[in-house]
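Student: Got a structure here, written out as structure tokens. Questions coming.
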Amino acid sequence: MTAAVIGASMAGLLAARVLSESHEKVFLLDRDDLPEAVVARQGVPQARHLHGLLARGRDVLEGLFPGLSEEFLAAGATRVDIQGDIQWTIDGRRMCRATSGLVGLSMSRALLEATVRARVRALPNVELLPRRVADGLIATAGRVHGVRVTELANGNAGNELTADLVVDASGRGSRSPAWLRELGYQCPPEDRVKIGIAYATRRFRRLPGHLSGRRGAVVNMSLDNPRGGGVSCEENDQWIVTLAGVLGDDPPLDPSGFADFAASLPDPRILEVIEHAEPIGDALRARFPASVRRRYERLTRFPEGYVVMGDAVCSFNPIYGQGMTVAAEQALVLRDCVQAGTDAVGRRFFRRTAKVLAVPWSMATSGDLRFGGVEGPRPLPVRLSNRYLRPLSIALEQDPAVGRALLRVANLIDRPQRIVAPDILFRVLRANLRRRRPAAT
Ligand SMILES: Cc1cc2nc3c(=O)[nH]c(=O)nc-3n(C[C@H](O)[C@H](O)[C@H](O)COP(=O)(O)OP(=O)(O)OC[C@H]3O[C@@H](n4cnc5c(N)ncnc54)[C@H](O)[C@@H]3O)c2cc1C
């Protein structure tokens, strides 16, 4: 059996990895060059911006590629305790630091992807096909049999790559809805939450004294100040600083505007890096108009031999750092579905993926719906979880166990119910009764 995967970014690489167990041959094609070097590719423009890998994502990657974390470290990544080494500011309040045992790896997205790509390239039955654009599906009688491909190297269009299973991992711009329509299927209904987020990112030279030895700082947006940002260490002694604003409040790219935006955040550490570290290159922009979830699980008809995954199914507001981890979770689902049989793989995959997506989707969209300018229904659970954020942030300023609980949920290790478990509720209540402290300035 053969498989063809469209898109060799994180979702596609992980799909190829799991399919290499069940398929004799896996073709992984991408419109970009797929070099061995660590480069931010054109097809993944977001790779130039801050990318955090959640603890759950690291666990899944390590399970798929044993020894990968050590390889990241050998290539220049930094191991961080997510609560102990990073200063978090949530809802304007600084989380108290403590060792949490939640392990993160700080590195550039380009290094992360290049290291995973090298592991996939080394799989004997996976063949990378760079500079190939998928133009459409080859299908007959309710079954997809392959992909129509244009080879960019020679301009040859209409080549046919046949496969028993085709996986679309081509990202947010996936053409699956259009391809399905051409084949006489319905397009998936879409959920969309418009957040209009803009990033500005700049890199700086990292010296040991910066940030008093901390490895990063993250400021989450709050209702009082809907601006956020993060500074994180990357390989080659660099800092990456990303600033974020929503609904038209774009962080400026010019140096003084960039610094002024950072100065408006409730933790001065990001500004500290901007003011004291030597910049490397100019600031860059990324825009992310809306979180989008394509509800393939709601389609009543779907062709055999076809699956859509990763950002092509669901892409979240990036400030929550969920995309790569959710792609990794989907790879595990794909493995299970394929190993359980070849019939209705897509249907079974979408049903199970809908469950995987439910929590991160609701975390990201509920957070965005705090802001009045974001359109969308606000059912009671959304209103309640947003109301809870203030007392929770007061508690995590004082009590490391509360911060740890929140970070375990945000890192997709624990279910959201954990932060309303009786022991945490008790701590939140106690901290709020004790406190009359002002917010961090
Ligand atoms: C600004 C920004 C910041 C982010 N920060 C984080 C973060 O901190 N943490 C995190 O986990 N996630 C983050 N994400 C999300 C993360 O980048 C994605 O979720 C992750 O890359 C998985 O996406 P994917 O592989 O499905 O698609 P993509 O990464 O978009 O890759 C799609 C691939 O398909 C290829 N392709 C597209 N069309 C075709 C075609 N027709 N033929 C052949 N090849 C094609 C492209 O070249 C590309 O390689 C961020 C996203 C953005 C926009």
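Student: Name the residue farthest towards the positive end of the dipole of the stretch 79-175 from the options Val166, Val133, Thr99, assuming +1 on Cβ of Lys and Arg, -1 on Cβ of Asp and Glu, about the Cα centre.
Tutor: Thr99
Student: Rounded if a/c is under 1.5, else prolate if a/b is larger than b/c, else oblate: which is the stretch 103-202, with a ≥ b ≥ c the root eigenvalues of its Cα gyration tensor?
Tutor: Oblate, because a/c is 1.5 or more while a/b does not exceed b/c.
Student: Using θ = phi - 60° and the Karplus form 6.51 cos²θ - 1.76 cosθ + 1.60, what ³J(HN,Hα) does each residue of the stretch 214-222 get, whole Hz, x for Gly and Pro?
Tutor: 5, 9, x, 8, 10, 10, 7, 5, 10
Student: Moving on. Give the angle, between 0 and 90 degrees and rounded to the nearest 10, that separates the Cα long axis of helix 380-398 from the longest principal axis of the Cα atoms of the chain.
Tutor: It works out to around 50 degrees.
Student: Name the residue from Pro279, Pro251, Ala290 whose Cα lies farthest towards the positive end of the charge dipole of the stretch 194-290, charges +1 on Cβ of Lys and Arg and -1 on Cβ of Asp and Glu.
Tutor: Towards the positive end, the residue furthest out is Ala290.
Student: State, as an integer percentage, the relative contact order of the chain based on alpha-carbon contacts under 8 Å between residues 6 or more apart.
Tutor: The normalised contact order for the chain reaches 20 percent.
Student: Which residue fluctuates most in the GNM of the chain (Cα springs below 10 Å): Ser222, Ser256, Ser385?
Tutor: Ser256
Student: So, one more: Please state the charge dipole magnitude for the stretch 143-201, taken about the Cα centre, from unit charges on C-beta atoms (+1 on K and R, -1 on D and E), reported in debye and rounded to the nearest 20. Before the final figure, lay out the partial values.
Tutor: On the way: 7 positive and 7 negative charges, 50 e Å.
Taking the Cα centre of the stretch 143-201 as origin, the dipole is about 240 debye.
Student: When the Cα centres of the stretch 237-283 and the stretch 382-441 are compared, how far apart do they sit, in Å?
Tutor: The stretch 237-283 and the stretch 382-441 have Cα centres spaced 28 Å from each other.
Student: Also, quick follow-up: When averaged across all projection directions, what area in nm² does the alpha-carbon convex hull of the stretch 248-333 cover? Spell out each step's value before the answer.
Tutor: Details: hull surface 35.3 nm².
Its Cα hull, projected and averaged over all orientations, spans 8.8 nm².
Student: A further question on this structure: Show the residues, 5+ positions off or on another chain, whose built amide H is closer than 5 Å to the amide H of Ile195.
Tutor: Residues meeting the amide H criterion: Ala290, Ser291.
Student: List Thr140, Thr325 from most exposed to least, where exposure is judged by having the fewest other Cβ atoms within 10 Å.
Tutor: Working: Thr140 9, Thr325 24.
In order of increasing Cβ crowding within 10 Å: Thr140, Thr325.
Student: Here's something else I'd like to know. Rounded to whole Hz and in sequence order, give me ³J(HN,Hα) for the stretch 278-284 from the Karplus expression 6.51 cos²θ - 1.76 cosθ + 1.60, θ = phi - 60°, writing x for Gly and Pro.
Tutor: My calculation for the stretch 278-284 gives 6, x, 10, x, 8, 6, 10 Hz in order.
Student: Here's another thing I want to ask about it. When the dipole is taken about the Cα centre of the stretch 380-434, and only Lys, Arg (+1) and Asp, Glu (-1) are charged at their Cβ, what size is it in debye, to the nearest 20? Each step should come with its number before you reach the end.
Tutor: On the way: 10 positive and 4 negative charges, 26 e Å.
With only Lys, Arg, Asp and Glu charged at Cβ, the dipole is about 120 debye.
Student: Here's something else I'd like to know. Let me check I have the definition right: for the stretch 194-290, take the eigenvalues of the Cα gyration tensor, multiply each by 5, take square roots. What are those semi-axes in whole Å, largest first? Working shown, then result.
Tutor: Values: eigenvalues 96, 39, 26 Å².
Square roots of five times the eigenvalues give 22, 14, 11 Å.
Student: Starting from a Cα-only point model with no solvent, please compute log10 I(q)/I(0) by Debye for the stretch 380-434 at q = 0.17, 0.21, 0.22, 0.29 1/Å.
Tutor: Normalising to I(0) and taking log10 leaves -0.47, -0.72, -0.79, -1.26.
Student: Find out how many positive minus negative residues lie around Ile424, taking Lys and Arg as positive, Asp and Glu as negative, among other residues whose Cβ is under 11 Å from that of Ile424.
Tutor: On the way: positive: Arg404, Arg408, Arg418, Arg427, Arg430; negative: Asp399, Asp414, Asp423.
Overall, the nearby charge balance is +2.
Student: Continuing with this model, one more query. For helix 109-121, what angle does its Cα long axis make with the longest principal axis of the chain, in degrees from 0 to 90 and rounded to 10?
Tutor: Tilt relative to the chain: about 30 degrees.
Student: On the first, second and third principal axes, largest extent first, how far apart are the outermost C-alpha atoms of the chain in Å?
Tutor: Taking the Cα atoms of the chain, the three principal extents are 68, 47, 39 Å.
Student: Gain in length, Arg351 to Ala263, computed as 0.36 nm per residue apart minus the alpha-carbon separation, to one decimal in nm?
Tutor: On the way: separation 88, 0.36 × 88 = 31.68 nm, distance 4.52 nm.
Value of the extension gain: 27.2 nm.
Student: Still on this model: So what's the angle, to the nearest 10 degrees on a 0 to 90 scale, between helix 55-64 and the longest Cα principal axis of the chain?
Tutor: Between the helix axis and the principal axis of the chain, the angle is about 30 degrees.
Student: Just the number, please: percent antiparallel of the DSSP beta bridges in the chain, rounded to the nearest 5. List each step's numbers first, then the result.
Tutor: Numbers: 53 of 74 bridges.
Just about 70 percent of them are antiparallel.
Student: Between Glu70 and Arg295, what FRET efficiency follows from the Cβ-Cβ distance if R0 is 30 Å, with the result rounded to 0.05?
Tutor: On the way: r = 39 Å, r/R0 = 1.31.
About 0.15, to the nearest 0.05.
Student: Using the alpha carbons of the stretch 300-441, what is the convex hull volume per residue in cubic angstrom, as a whole number?
Tutor: 148 Å³
Student: Mind checking the stretch 155-204 for GluC sites (Glu not before Pro) that DSSP puts in a loop (not H, G, I, E or B) and that have at most 15 other Cβ atoms within 10 Å? Numbers along the way, then the final one.
Tutor: Values: sites: Glu160, Glu182, Glu190; in loops: none.
Listed in order of number, the matching sites amount to none.
Student: Place a point 7 Å from Cα of Asp249 in the direction of its Cβ. Which residues in the stretch 367-389 have their backbone N less than 20 Å from it?
Tutor: 367-376, 386-389, by backbone N distance to the label point.
Student: Among Arg117, Arg192, what is the fewest-to-most ranking by other Cβ atoms within 10 Å? Intermediate values should be presented prior to the final figure.
Tutor: Details: Arg117 24, Arg192 14.
Going from sparsest to densest Cβ surroundings: Arg192, Arg117.
Student: Right, here's the next one. Name the residues whose placed amide hydrogens come within less than 5 Å of the amide hydrogen of His145, ignoring near sequence neighbours (fewer than 5 apart) on the same chain.
Tutor: Placed amide hydrogens put Ile138, Ala139, Thr140 under 5 Å from His145.
Read-outs: derived from the displayed coordinates by stated rules, not from any lab. Worth saying up front: this structure is predicted, and the values here are computed from it rather than measured. Every residue, glycine as well, gets a Cβ built from its backbone with ideal geometry; the counts of neighbours run over all protein chains shown.
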